[in-house]
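Working notes, beginning with the structure itself.
Every read-out reported here was derived from the displayed coordinates using simple, explicitly stated rules and does not represent laboratory data. Quick caveat, the model's predicted, so the values are computed rather than measured. Here the Cβ is made from the backbone with ideal geometry for all residues, glycine too, and neighbour counts use every protein chain on show.
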Amino acid sequence: GFGFASRFAFTNVPRNLVIIFLVPTALVFWLVLGNSLELENTDWEPVEAEIIDTGVSSYLCDDGEYVSDCEGPGHFPTVRFSWEIDGQKLVSSDYIAYPPNLSSDSKAEQWLENRGIIVGANITGFVNPDDNSEAVLVRQSWVEIMTVRGDDEWLWCCSLCNVPALFLLVSARRMEWTIPRKRRKRYKLVYVKDRPYGRPSSWEVPMEARELQVEASEIRLKSMSGSLSEGDFDSYANRISDMELMAAQLEGGTRSFTIMLSNREEVNFEVGTYGELIYTLKDYLEREDRIETSVALFLDESKAEGRLLEFEFNGEYTANVTVTEYLGNDLIRAKTLNIYREEAVLMEIIRKASQKGEKTDEK
């Protein structure tokens with residue numbers, strides 16, 4: 001929960017996830033309950049009925065009012081009975097809204113006998129007050145119908161599908177509650193579609209939300225420190241450190257940078273945070289991820305004598321690059337890393353180099 005909360009607290013993502021899960025669940029409940037309520041017949045009125053025939057069937061196939069499909073194999077009690085309305089004799093085999101499927105033929109026969117359903121017997125049936133052509137021998141409530149059909153267990157399992165979304169919502173809200181109420185605000189994700197070189201569009205967390213996430217995560221981690229192992233604490237602390245760097249403003253505010261691609265084309269862009277700088281750089285690196293290509297990031301305006309980072313790929317589509325820092329023609333340092341698995345290292349290299357680049361510009 002901590003990882004999700006630290007990433008999506010102060011956004012509308014947790015709430016939207018709950019809605020996405022709850023709406024289909026509510027529709028399923030509405031359909032199942034509606035069908036059970038429609039079949040309920042506890043308010044039908046008594047009428048004298050005569051049992052014509054009984055039996056046990058392996059399959060339940062009926063084109064009557066309630067059952068139109070075959071079910072089985074099983075042990076279904078079957079009944080044919082009659083009743084009279086205004087001197088007219090009516091016959092039906094729909095003696096119950098939803099017949100039970102018992103464990104054996106003998107159990108099915110016993111079930112009928114226990115209810116007095118014996119050939120030739122006269123027993124009390126129940127007729128639909130709105131349609132006298134419908135009658136049953138055994139009334140069922142909507143709860144009984146759901147139990148017989150197994151709908152209650154199915155709906156319970158369906159409800160459990162909402163637990164992860166609700167857990168993530170609670171985790172995010174607990175993270176948000178660490179910030180004073182006056183400063184709490186939830187932001188919509190920003191849809192970024194105009195990305196370099198036709199990169200796929202994506203939804204990004206606004207920087208305002210990122211700053212709140214960092215602050216809340218630090219407070220939350222302190223409150224959890226007593227219940228975490230040393231390894232978990234260090235893992236969460238490193239994650240917060242990365243988040244803090246991504247949300248950190250560049251020295252001097254918004255700055256201009258230049259990237260020289262492998263075809264020697266130069267592209268200028270402006271960013272205000274390290275996160276924006278790294279995301280933009282990775283966009284170009286992903287686009288240029290081909291064997292024997294390199295990308296150069298100029299960190300100050302004096303390209304010929306200034307500071308730059310060169311990213312050279314070590315193999316095609318491996319994401320392994322050698323990052324070399326230059327000051328003019330002088331090599332400062334070099335480091336080989338994976339731009340995905342070692343993103344924290346990449347961020348630290350860019351942060352230190354860009355800070356030095358800012359100082360070079362000031363001189």
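Compute the longest continuous run of the chain that contains no exposed GluC sites (Glu not before Pro); treat a site as exposed when its DSSP state is not H, G, I, E or B and it has at most 15 other Cβ atoms within 10 Å. Between the exposed loop sites, the longest stretch runs 66-250.
Amide H to amide H distances under 5 Å link T178 with no residue, where only residues 5 or more positions off or on other chains count and H is placed in the peptide plane.
Extension gain for the segment V91 to N238, taken as residue separation times 0.36 nm less the Cα-Cα distance, is 45.3 nm to one decimal.
At a Förster distance of 35 Å, what's the computed FRET efficiency of Y59 paired with N128, Cβ-Cβ distance as r, to 0.05? Result of the calculation: an efficiency of 0.85. Rounded to the nearest 20 debye, the dipole size of the chain about its Cα centre is 2440 debye, using +1 on the Cβ of Lys and Arg and -1 on the Cβ of Asp and Glu. Using the Cβ of I219 as centre and a radius below 15 Å, the other residues enclosed give a net charge of +3, where K and R count +1 and D and E count -1. Using the Cβ-Cβ distance between E84 and R139 with R0 set to 22 Å, the FRET efficiency works out to roughly 0.70. Sites listed here are chymotrypsin sites (Phe, Trp or Tyr not before Pro) in segment 10-105 whose DSSP assignment is loop and whose Cβ has at most 16 other Cβ atoms within 10 Å: Y59, Y66. Over the chain, DSSP H runs of length four or greater, each weighted -39,500 (n - 2.57), average out per residue to a 222 nm ellipticity of -13000 deg cm²/dmol.
If Lys and Arg each add +1 and Asp and Glu each add -1, what is the summed charge of the other residues whose beta carbon sits under 14 Å from the beta carbon of T11?
Every neighbour counted, the sum reads +4.
Computed over the chain, relative contact order equals 13 percent, with contacts defined as Cα pairs under 8 Å that lie 6+ residues apart.
Placing a label point 7 Å from the Cα of T147 along the Cα-to-Cβ direction, the residues of segment 5-36 whose backbone N falls under 20 Å of that point are 32-36.
Please figure out what share of the DSSP beta bridges in the chain is antiparallel and state it in percent, rounded to the nearest 5.
Roughly 95 percent of the DSSP beta bridges within the chain come out antiparallel.
With θ taken as phi - 60° and the Karplus curve 6.51 cos²θ - 1.76 cosθ + 1.60 applied, the whole-hertz 3J(HN,Hα) list for segment 46-55 is x, 8, 6, 10, 10, 7, 8, 7, 9, x Hz, x standing for glycine and proline.
Our estimate of slack between K282 and L22, defined as 0.36 nm per intervening residue step minus the Cα-Cα distance, is 90.0 nm. Around the amide H of G55, modelled in the peptide plane, lie the amide H atoms of T78, all under 5 Å away and 5 or more residues distant in sequence or on another chain. Just checking the listed ones, I123, I240, I278: in the Gaussian network model of the chain with Cα springs under 10 Å, the one fluctuating most is I123.
Between the residues I332, V295, V79, the greatest Cα displacement towards the positive end of the dipole of the chain, with unit charges on the Cβ of Lys, Arg, Asp and Glu, is found for I332. Close amide H pairs (under 5 Å, H built 1.01 Å from N) link G306 with G328, residues at least 5 positions away or on another chain.
DSSP beta bridges fully contained in segment 41-140 are about 95 percent antiparallel.
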